[in-house]
Amino acid sequence: MTSDTQLHELLRGADWPPEDVRRADRCVPVDEAPLGSGITLFVVSVVGGPAHGGLLLVPARADGSGRLVDAQGSEGFDLACVRLMAAGGRIPTARGGHVDFRGTAGARAVSPLPFAQGRSSNSLSLLDIDGRPHLHKTYRSLGAEVREPELLRLMDGSAHTPRWFGDYGYVPPGGTERLALGVVYAYTPGSGIDTPLRANLRALWPGLTGGPGGVRESAPSGGACGPARLDGLVREHLAPLATPLRTARSFLGGFHEELRVRLGRGTPPPDYPVERALRAAEERCHALAERAGREAGLPAAALDSAFDSLTREIALLRTAFDAAGTHPAGPCHGDLHLSHLLWDPPRLIDISTPSTGPDVPGWAEQSPLQDLVALGRALEYFAADEAAYESARLLGVDSTETMLASLDGGAGLPPRERSVLLLVFEAADTWRRHVAGLLLAPAGSDGDRAGPGPDASDEPLRRLLYLRRLLHELDYNFAHARPYHAAIDLRHAMALGLPSPLARTLTART
């Protein structure tokens, strides 16, 4: 087995480990397997720090001086993995486990292609396999929660996900659980739906503010940019995206149906465990409320208001569920972001469905509504972030200042600066609501006006899923000292706890 020191030095010099891994006391190799071409797959355990006990995959090779260097993304690593997948190979590990490769087809010719990975928690490389581009994704952090390879295999041949070429996983000594290490799938060209949305929203600003560098004097509550004109302006501005957004909405519905059929295998859907989920949300809310006072950089008044609203929302949900019947569960993407929904043509990537079948734990605690809620939350982050940057540009200040000021409507700003802040944020909120109507409203709803539709029986579950998502993201932003993003969470949390039905955004009453 390779020494701890060599791997520790390799990881300390790498640019990919997250902060919790960097804070570890040390990283210890627990198993290894020779891949060929001088490359070894190391399974490494994190010791000490917040990531203690976590497992990492570190493909490495020795350089000319004998020092270990990262082999992830190298041509030798990629080619060896593809050929082993095509052959259905199995490599024994030093401790008695094995690395298992599986695939569906041969690979007569494999070569690397230029590829700018960008920022990612995994390693990505682009390969030409028999004349067709494929992505090789290697997971750096290992765990049972990494289900993408199995999901791509189960969904192979569908019109909703990339074609699966093969994958590989690690089975520990004496174990039966297979931990995903990597997957190869057909490359899906195109951009996430955030790309046209960003261009559209940024193109709205000049018409709203009187030009690239100017600001209309009117406040958003009246005059030339009053609510009625603003609504009409946004609706007209979004018209070129109406068809693509409705197409994406229909595509999502088809994806959920295919998931249900392929993964559910004809079994009736179970009931979503509402009581357990609501109890967990309540406990998390209380824990976050206790921590809130220690969150530097966030206004105390906003924190108090947000947690008061969250507490009221939990009470309202409990009453709503007491009066409602059961709510069916169903499989979903699991962690859907705007960038995961490709739009030209529609495709889904980075699938992380919580459970892959009726006999797998967690099957009941998922719902297609989770994906709609996740996209709605992504739109909230997206629109607020763009509004903070645009208002900051117009006012000549930092975007953190405008984001925090949005929590109380800019109460401490001079009148002109406050008018600018309110105008930009109200425009972004109006734009977001119309986008949600086009992208997230149920099939058959009217135009770009989002809403629960004629049958609002799923409203309590939708609200519960929204609450859980918001609390999860607020917890993350507290834990990672991200006051800017936490302010977006607080802004939308303060809109909760009202007895009225969901506003026409499907995911937030703002």
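Key figures for this structure:
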read-out: Filter pass, ALA94 being of a type outside the set (Ser, Thr, Tyr) and under 19 Å from THR5 (Cβ atoms); value: yes
read-out: Subset of the stretch 488-510 that is surrounded by 24 or more Cβ atoms within 10 Å (Cβ to Cβ) and among the small types (Gly, Ala, Ser) - its residue that is modelled with the highest pLDDT; value: ALA493
read-out: Flag if ARG249 is of a type in the set (D, E, K, R), assigned to a helix (DSSP H, G or I) and in contact with a helix residue (DSSP H, G or I) (Cβ under 9 Å, 6 or more places away or on another chain); value: yes
read-out: Complete set of residues in the stretch 297-325 that are touching a helix residue (DSSP H, G or I) at 6+ places or on another chain (Cβ under 8 Å) and outside any helix (DSSP H, G or I); value: GLY297, LEU298, PRO299, ALA324
read-out: Matching residues, the stretch 274-318, being touching a residue at least 60 places away in the same chain (Cβ under 8 Å) and touching a Lys or Arg at 6+ places or on another chain (Cβ under 9 Å); value: ALA277, LEU278, ALA280, ALA281, ARG284, ALA302, ALA306, GLU313, LEU316, LEU317
read-out: Residues satisfying the stated conditions in the stretch 55-91, i.e. charged (D, E, K, R), part of a strand (DSSP E or B) and more than 29 Å from the chain's Cα centre (by Cα); value: ARG61, ARG90
read-out: Number of positions in the stretch 34-54 that are assigned to a loop (DSSP other than H, G, I, E, B) and within 28 Å of the chain's Cα centre (by Cα); value: 7
read-out: Of the criteria (1) of a type outside the set (A, V, I, L, M); (2) at positive phi; (3) in contact with a Cys (Cβ under 7 Å, 6 or more places away or on another chain), which one GLY362 fails; value: (3)
read-out: Unmet requirement for LEU127, which otherwise passes all of (1) buried (at least 17 other Cβ atoms within 10 Å of the Cβ); (2) part of a loop (DSSP other than H, G, I, E, B); value: (2)
read-out: Failed item in (1) of a type outside the set (A, V, I, L, M); (2) without any contact (Cβ under 8 Å) to a residue 12 or more places away in the chain; (3) within 20 Å of PHE251 (Cα to Cα), with GLY362 passing the rest; value: (3)
read-out: The stretch 168-196, subset part of a loop (DSSP other than H, G, I, E, B) and closer than 23 Å to THR247 by Cα, residue modelled with the highest pLDDT; value: ILE193
read-out: Breaking point among (1) under 24 Å from the mean Cα position of the chain (by Cα); (2) surrounded by fewer than 22 Cβ atoms within 10 Å (Cβ to Cβ); (3) modelled with pLDDT under 95, for ASP359; value: (1)
read-out: Yes/no for ASP350 being under 30 Å from ASP156 (Cα atoms), assigned by TED's automatic domain parsing to the domain that holds LEU379 and touching a residue at least 40 places away in the same chain (Cβ under 8 Å); value: yes
read-out: Hey, LEU342 buried (at least 16 other Cβ atoms within 10 Å of the Cβ) and in a helix (DSSP H, G or I) or not; value: no
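Yes/no matrix, rows are residues, columns are (1) outside any loop (DSSP other than H, G, I, E, B); (2) among the β-branched types (Val, Ile, Thr); (3) modelled with pLDDT of 95 or more; (4) buried (at least 18 other Cβ atoms within 10 Å of the Cβ):
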position: HIS136; (1), (2), (3), (4): yes, no, yes, yes
position: ALA144; (1), (2), (3), (4): no, no, no, no
position: PRO149; (1), (2), (3), (4): yes, no, yes, yes
position: PRO162; (1), (2), (3), (4): no, no, no, yes
position: PHE165; (1), (2), (3), (4): yes, no, yes, yes
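The values are calculated or read from the model by the stated rules, or taken from the named source; none is laboratory data. All values derive from a computational prediction rather than experimental measurement. We place every Cβ from the backbone using ideal geometry, glycine too, and count neighbours over all the protein chains shown.
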